[in-house]
Each structure stands twice: as C-alpha cells, then as structure tokens.
Amino acid sequence: MADRILLKGGHVLTVDPSLGDIDGGDVLIEGDTIAEVGKDLSADADVIDCSGDVVIPGFVDTHRHTWETAIRSCAPNATLDDYFVEVLDSFAPLYRPEDVYASNFAGAMECLNAGITTLLDWSHINNTEDHPDAGIEGLTDAGIRAVYAYGSANLSLADYWFSSSISIPRDDVELSSTPYWVTVDRSARTVSVYRRGRRVRTSRAVVGKGSTPTPAGLAAIYERDRQPDPREFLGPWALPLTALSNVLYNFGGGPGRVAIHGRAGASLLDPLGSARSHGCIRIDNGPITWMAHHLPVGTPVQITD
C-alpha cells in the first residue's frame, strides 16, 4: 500500500481532451505511474483528501539558471546591468563544481516542492570540465526530469559576453552528421532503419503498453550500451534515447529514459508485435547488434503511430 496513493475529491485538470476536467475527481498513483483517473475510485492505497483543491499535472519550467540558487537573494533590486556585474562577473568566476552541484540539487528540489516536475536548466557556469558534470549530477540526484542546456563559461564578463572572444572548446561540443534515420511505428510495432532515404531493414518490436506507452515524437540515440551479460533482460545491447516516458518519472534508478534494446531472459515472454513494455522498444538481438555497430550517437529516431 505504501507505493499506492489515491487523491480523492479534487478538481482534476487532466489536460486530456478525452477526459476533460473532473469536479470531485480521483487520481490513483501506483509507484511512479498514474494508474487511473476518474470519479469514485477505490483502492488499497494511502488516501489524501483533496476536497477544495485543484489537482493538476506538474508544471514545466522552461528557463531557469539553477546554478544561481545559492546566491539568488544577492541582487533583489538589480537591473540587468547590475546582474551582469554582481552575478556573472563577481560570483560566477568563483564558483567551484561543488557549488554548482549544491545549487542545482537545492534548486531542483525547490522546483519539485513548488509543483514543477520538468526543468530546463539554462546553465552558463561551465567554467571547467567538472562544472557541467556536477550540475547534471545535482539534477539527477534530485530526481527531477530535466534538460541540461549547456551554455558558456563565466570566468570573464568581457571575454564571454562583451566580445565572445573565447570559443567553447572543440572537445566539449562536436557537430556531426549521419546518413541514418530510424522510425518506430507504434501501431505496426516495427523499427525501421533508413540510410540516405532508403529503407535498409525493418524489425518487429515490442512497444509500450497502454498504461506506459512509448512516447511519440522526435528523439535521438543518446548512447550505445553493450550489456555485460547478453543473457539478461536487455539482451546484448541497449540504445538509450533522448526520449523520456510520459508517465514513469523514475524507473530502474533513472529518469524513465526510453531505449531500444534486445531481448533475453524474461523479456522473451512478451512476443514480438505486442504492446507490453514499460515504454522501451524491444527487438531481436541480431537487429539491435547491427544497429549498435552502424548507428552513431545522435542518430534521429522518429516515434509515430
């Protein structure tokens, strides 16, 4: 019961055209998943009386300099010019990686406390290679769903803002191209790979079930992970994507990231062509191994119906 929460009697704004707004509505949460929305729900769960309250999805904060959390009160009446001098040219050059971690962690927890569940961290404090790593670690440890928007360093206002005379190191950012494109068809339950516009292979797949669907949209391959034991659930390879689940905010110790991976062990119980996963796309081990060897990180993946 500890993993089940039932919100009772609130004014539920579902943001779902098929459900609309529900006055006196209930929301059943199982772990990290919204299991059911409606009226007069009953379940063996911890019940929270939401009478007189509005129940809404989490907010999305699209612009926050989270690294400034610790110094936010330093310039309450500052103009933009004051901000550049007092924050970017005074505090920022002194920031250590551990300061970035502390601010990002505290700032993300503050967001969650205010109902913000998705955050774009506009980070212009990348003074060393360790600074962005610390910022990302702070967001990850807080458990918030976040995009780390990699910005410049802030060691000198004149160098980085007035004339932008210092470029971001080539080793930090690389622009590349690939002839490959991947499509995931949720209705047909297939994964297709294209090269220069020509389809080179199609594989049957297991996709997300109704309560944990594979999210539609444009994503990309995030990394290529060879599995230590190809006989385990994920098979020989996993290709995590930039896509995140729309319903699982935490899964397997991470942020609910969707991946294309192989099949072995218990995952073989779900037949190809079915919709039974938690959102990931499973294909046979031959195709996933081919994809891991041919498709670079950054390859676009279009998930459609």
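Quick notes
- Counted by neighbouring Cβ atoms within 10 Å, the residues C74, C50, C111 run from fewest to most as C74, C50, C111.
- When the alpha carbon coordinates of the range 4-57 are projected onto the principal axes, the ranges are 27, 22, 17 Å, largest first.
- Cβ-based exposure ranking for D121, D61, D270, in which fewest neighbours within 10 Å come first: D270, D61, D121
- Using the Karplus relation 6.51 cos²θ - 1.76 cosθ + 1.60 with θ = phi - 60°, the per-residue 3J(HN,Hα) values for the range 124-138 come to 10, 9, 8, 6, 9, 5, 7, 5, x, 4, 5, x, 5, 5, x Hz, with x marking Gly and Pro.
- ³J(HN,Hα) computed for each position of the range 266-277 - Karplus, 6.51 cos²θ - 1.76 cosθ + 1.60, integer Hz, glycine/proline x: 5, 5, 6, 5, 9, x, 4, x, 9, 10, 9, 8
- Candidates T190, N127, L7 compared by Cα position along the dipole of the chain: farthest toward the positive end lies T190, with charges placed on Cβ.
- Other residues within the sphere of radius under 14 Å centred on the Cβ of H11, judged by their own Cβ, net out at -3 (K and R +1, D and E -1).
- Longest segment of the chain lacking trypsin sites (Lys or Arg not before Pro) that sit in a DSSP loop with at most 16 other Cβ atoms within 10 Å: 40-169
- Report summary: the helix-based calculation at 222 nm, which adds -39500 (n - 2.57) for every DSSP H run with n ≥ 4 and divides by the residues of the chain, gives -4500 deg cm²/dmol.
- The convex hull of the Cα atoms of the range 192-296, projected and averaged over all directions, covers 6.5 nm².
- Which of S123, S192, S51, S73 has the fewest Cβ neighbours within 10 Å, and the rest in rising order: S73, S51, S192, S123
- In a simple Cβ point-charge model (Lys, Arg +1; Asp, Glu -1; nothing else charged), the chain has a dipole of about 2100 debye relative to its Cα centre.
- The chain: antiparallel DSSP beta bridges as a percent of all, rounded to 5: 60
Readers should treat all values here as calculations from the given coordinates under stated rules, not as data from a laboratory. Just so you know, these numbers come straight off a predicted model, no measurement behind them. Neighbour counts are summed over all protein chains in view; Cβ atoms, including those assigned to glycine, are modelled from backbone coordinates with ideal geometry.
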